[in-house]
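Trainee: Before anything else, here's the structure in question.
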Amino acid sequence: MSIAEEMGAALQRSAASVNIRERLDFSCALFDAHGNLVANAPHIPVHLGSMGESIRTIIDARSGGADGRGIRRGDAYALNAPYRGGTHLPDITVIMPVFADDGDAPAFFVAARGHHADVGGITPGSMPPESRSVEEEGVLLDDVLVVDEGRFLEAELRAVFASGPYPARNVDQNIADLAAQLAACTRGATGLTRLANEYGTDVVAAYMEHVQANADAAVRRLIATLDDGAFAYEMDDGAVVRVAVRVDREAATMVVDFAGTSDQRPTNFNAPVSIVRAAVLYVVRALIDEAVPLNDGCLRGVTIRVPEGSMLNPRYPAAVVAGNVETSQVVTDALFGALGAMAASQGTMNNFTFGNAVHQYYETIAGGAGAGPGFDGASVIQTHMTNSRLTDPEIFETRFPVLLEEFSIRRGSGGAGAHNGGDGATRRVRFLKDMTACILANRRRIPPFGMAGGDSGGLGSASVERADGSVEHLGSTAKVDMHAGDVFVIETPGGGGFGQA
């Protein structure tokens with residue numbers, strides 16, 4: 001874990017974009033030779049639980065020279081393809097094999113995933129509310145060689161980012177952030193090599209297995225305390241995430257079945273299976289009251305079933321940009337609901353993007369956390385599958401032509417109960433230049449649920465206050481042209497309450 005934390009520090013210090021450097025929208029982790037997550041820094045849960053799928057894609061495609069080349073010392077790869085182990089296109093994973101001793105195959109892998117401020121697509125910031133296919137969401141990197149035996153392939157990468165019908169808008173920044181991710185991976189590879197040299201590769205590999213086996217044992221102890229449960233949670237567009245949890249206490253296993261979930265959507269709220277897996281891993285780990293690192297061992301006793309063609313297992317080329325940020329939150333809340341663990345948190349990341357040909361910015365905005373037995377929900381906090389910061393106002397206003405007029409707590413927006421849900425936030429951003437702005441959110445129509453008699457959390461909202469005094473009320477998802485003097489207003493949802501007040 002300390003190696004992963006060193007990776008994160010290296011990435012933050014060397015990144016160019018506000019998104020990675022200030023908002024910390026990135027994750028770093030270590031994996032065994034099979035691509036199983038072993039250790040990570042406390043970064044973004046939706047990243048960490050899905051990165052192993054990206055690495056297994058590289059292993060399957062390249063191991064044994066299947067691609068005519070194989071995996072070589074000094075290589076690194078990039079992947080953001082949602083149907084090949086990625087989540088959504090702005091999240092680019094850089095993967096580096098780590099060789100030990102004189103072995104021909106990698107002994108370990110390290111990876112750094114970062115949310116790039118723009119990878120193309122039909123709107124600046126690459127989080128388009130109106131995308132209907134993955135091609136409209138940006139440039140696809142499907143197992144792209146980034147470093148060829150130590151040589152950084154900058155010219156080739158620039159050509160990839162400039163390709164397609166919707167190329168990236170700031171390729172220099174993409175290259176700089178990729179270089180920072182490579183620096184992080186190099187730090188991780190160096191740390192693992194040092195560890196292997198000190199203790200022996202076999203010993204390090206053995207302890208990687210011990211860590212996962214320990215997590216497996218902890219989860220099986222947890223399963224013995226759980227009951228069967230089911231839950232259905234509607235989204236603003238009418239789609240329903242439905243989950244049933246069936247526990248076998250004697251075998252210490254459980255099945256998480258999403259049968260009955262809505263079919264894949266014509267919108268972009270579809271979530272690849274890797275995201276569902278990440279949500280299940282997060283929920284299981286959150287319920288363990290032991291000091292167990294998040295790793296793939298947590299899911300050895302868990303079977304996940306997701307119907308093909310559903311919104312949680314869509315078919316290419318369905319749009320997916322909201323699946324990573326919005327649907328993941330709904331899956332998480334539905335799982336906690338099925339297990340009776342806690343009320344819903346805000347159930348959205350309130351994705352706000354704006355930009356033009358020169359500037360591109362993206363942020364997720366905190367809201368209320370759900371309450372549970374014995375605790376109130378926290379106010380204005382990044383909940384569940386996200387763990388990023390908001391950019392400091394001084395940097396926000398220095399780097400972009402905007403003013404942050406207000407960021408405050410929405411008092412009373414959390415659901416009441418024996419334990420109250422956390423309050424959401426109010427955020428007002430005044431634009432000083434003409435730009436396109438987008439909101440990609442949820443919980444504007446269906447509130448975050450309360451539990452055990454607690455009240456629902458307050459709904460979120462978005463609007464534009466025009467310089468001429470008029471007001472435009474926006475839906476859960478919207479794209480709007482902003483002009484100098486206009487103010488974009490976002491109110492984030494509160495968390496649900498728990499128990500009767």
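The values are calculated or read from the model by the stated rules, or taken from the named source; none is laboratory data. Source: prediction; values computed, not measured. Positions of Cβ are backbone-derived with ideal geometry, glycine not excepted, and every protein chain shown enters the neighbour counts. In case anyone asks, the SASA skips ligands and DNA or RNA and just uses the protein heavy atoms, side chains included. Shrake-Rupley method; radii C 1.70, N 1.55, O 1.52, S 1.80 Å.
Trainee: Could you work out the helix-only [θ] at 222 nm for the chain, with each DSSP H run of four or more residues adding -39,500 (n - 2.57) and the total divided by the number of residues, to the nearest 500 deg cm²/dmol?
Mentor: -8000 deg cm²/dmol
Trainee: Mind checking the per residue accessible area of segment 219-357 for me, 1.4 Å probe, whole number of Å²?
Mentor: 32
Trainee: By average Cβ neighbour count within 10 Å, what is the ranking of 192-201, 24-33 from highest down?
Mentor: 24-33, 192-201
Trainee: Here's another thing I want to ask about it. To the nearest 20 Debye, how big is the dipole of segment 358-494 about its Cα centre, given +1 on the beta carbon of each Lys and Arg and -1 on that of each Asp and Glu? Could the numbers behind the result be given before it?
Mentor: On the way: 13 positive and 16 negative charges, 64 e Å.
It comes to approximately 300 debye.
Trainee: To the nearest Å, what is the center-to-center distance of segment 411-446 and segment 255-284, using C-alpha atoms only?
Mentor: Segment 411-446 and segment 255-284 have Cα centres separated by 24 Å.
Trainee: Also, quick follow-up: For segment 164-229, with only Lys/Arg (+1) and Asp/Glu (-1) charged at the beta-carbon, what is the dipole magnitude about the Cα centre, in debye rounded to 20?
Mentor: Working: 5 positive and 8 negative charges, 41 e Å.
Computed charge dipole of segment 164-229: roughly 200 debye.
Trainee: Okay, moving on. Using label points projected 7 Å from each Cα along Cα→Cβ, tell me how many nm separate Ala467 and Ser63, to one decimal.
Mentor: Label-label distance for Ala467 and Ser63, simple model: 5.9 nm.
Trainee: Ok, one more. Positive end of the charge dipole of the chain (Lys, Arg +1 and Asp, Glu -1 on Cβ, about the Cα centre): tell me which of Tyr282, Phe488, Tyr166 has its Cα farthest that way.
Mentor: Phe488
Trainee: When Rg is the radius of gyration of the Cα atoms in segment 25-135 and Rh is its Kirkwood radius, what does Rg/Rh come to?
Mentor: Working: Rg = 14.9 Å, Rh = 14.7 Å.
Reported Rg/Rh (Cα atoms, Kirkwood Rh): 1.01.
Trainee: To continue, here is another question. What are the DSSP H helices in the chain that stretch 30 Å or more along their long axis, judged by alpha-carbon atoms, and whose average Kyte-Doolittle hydropathy comes to at least -1.0? List each step's numbers first, then the result.
Mentor: Numbers: long enough: 171-199 (42 Å, 0.04); 201-223 (33 Å, 0.27).
Qualifying helices: 171-199, 201-223.
Trainee: How far is the Cα center of segment 297-344 from the Cα center of segment 190-214, in Å?
Mentor: 32
Trainee: Going by average Cβ density within 10 Å per residue, which order do the peptides 45-54, 267-276 take, highest to lowest? Numbers along the way, then the final one.
Mentor: Numbers: 45-54: 28.3, 267-276: 26.7.
Descending packing order for the listed peptides: 45-54, 267-276.
Trainee: Can you find, among Gly74, Asn356, Gly414, the residue sitting farthest towards the positive end of the charge dipole of the chain, where Lys and Arg contribute +1 and Asp and Glu -1 at Cβ?
Mentor: Checking the options against the dipole of the chain, the answer is Gly414.
Trainee: At 1.4 Å probe size, with the rest of the protein present, what percent of the exposed accessible area of segment 40-108 is carbon and sulfur atoms?
Mentor: Looking at segment 40-108 in its full context, I get 46 percent from C and S.
Trainee: Run a plain Debye calculation on segment 81-207 (Cα atoms as equal point scatterers, no solvent) and give log10 I(q)/I(0) at q = 0.11, 0.22 Å⁻¹, rounded to two decimals, same order as the q list.
Mentor: -0.45, -1.23
Trainee: Just how large is the dipole of the chain about the Cα centre, in debye to the nearest 20, putting +1 at every Lys and Arg Cβ and -1 at every Asp and Glu Cβ? Spell out each step's value before the answer.
Mentor: Details: 40 positive and 61 negative charges, 68 e Å.
Around 320 debye, computed over the chain.
Trainee: Further, regarding this structure: Evaluate E = 1/(1 + (r/R0)^6) for Tyr316 and Ala418, where r is the Cβ-Cβ distance and R0 equals 60 Å; express this FRET efficiency to the nearest 0.05.
Mentor: 0.80
Trainee: On to the next question. Sequence gap at least 6, Cα distance under 8 Å: using those rules, report the relative contact order of the chain to the nearest whole percent.
Mentor: 14
Trainee: Using a probe of 1.4 angstrom, how much of the accessible area of segment 324-437 is carbon and sulfur, in percent?
Mentor: Ligands and nucleic acids excluded, carbon and sulfur reach 50 percent.
Trainee: Positive end of the dipole of the chain, charges at C-beta (+1 Lys, Arg; -1 Asp, Glu), about the Cα centre: which of Phe109, Gly52, Met342 has its Cα farthest in that direction?
Mentor: Going by the charge dipole, the pick is Met342.
Trainee: So, one more: Which order do the peptides 283-289, 100-106 come out in when sorted by mean C-beta neighbours inside 10 angstrom, highest first?
Mentor: Top of the packing list down: 283-289, 100-106.
Trainee: Please report the orientation-averaged projected area of segment 321-446, defined via the convex hull of its C-alpha atoms, in nm².
Mentor: Details: hull surface 33.4 nm².
That works out to 8.4 nm², a quarter of the Cα hull's surface.
Trainee: Would you mind getting me the FRET efficiency between Ala251 and Ala159? Use the beta-carbon distance for r and R0 = 41 Å, nearest 0.05. Please list the in-between numbers first.
Mentor: Working: r = 52 Å, r/R0 = 1.28.
E between Ala251 and Ala159, to the nearest 0.05, is 0.20.
Trainee: Which FRET efficiency value, to the nearest 0.05, is calculated for Asn214 and Ala9 with the Förster distance at 35 angstrom and r the Cβ-Cβ distance?
Mentor: 0.85
Trainee: In whole percent, how big is the carbon plus sulfur part of the accessible area of segment 165-275, probe 1.4 Å, protein atoms only?
Mentor: So the carbon and sulfur contribution to the accessible surface is 53 percent.
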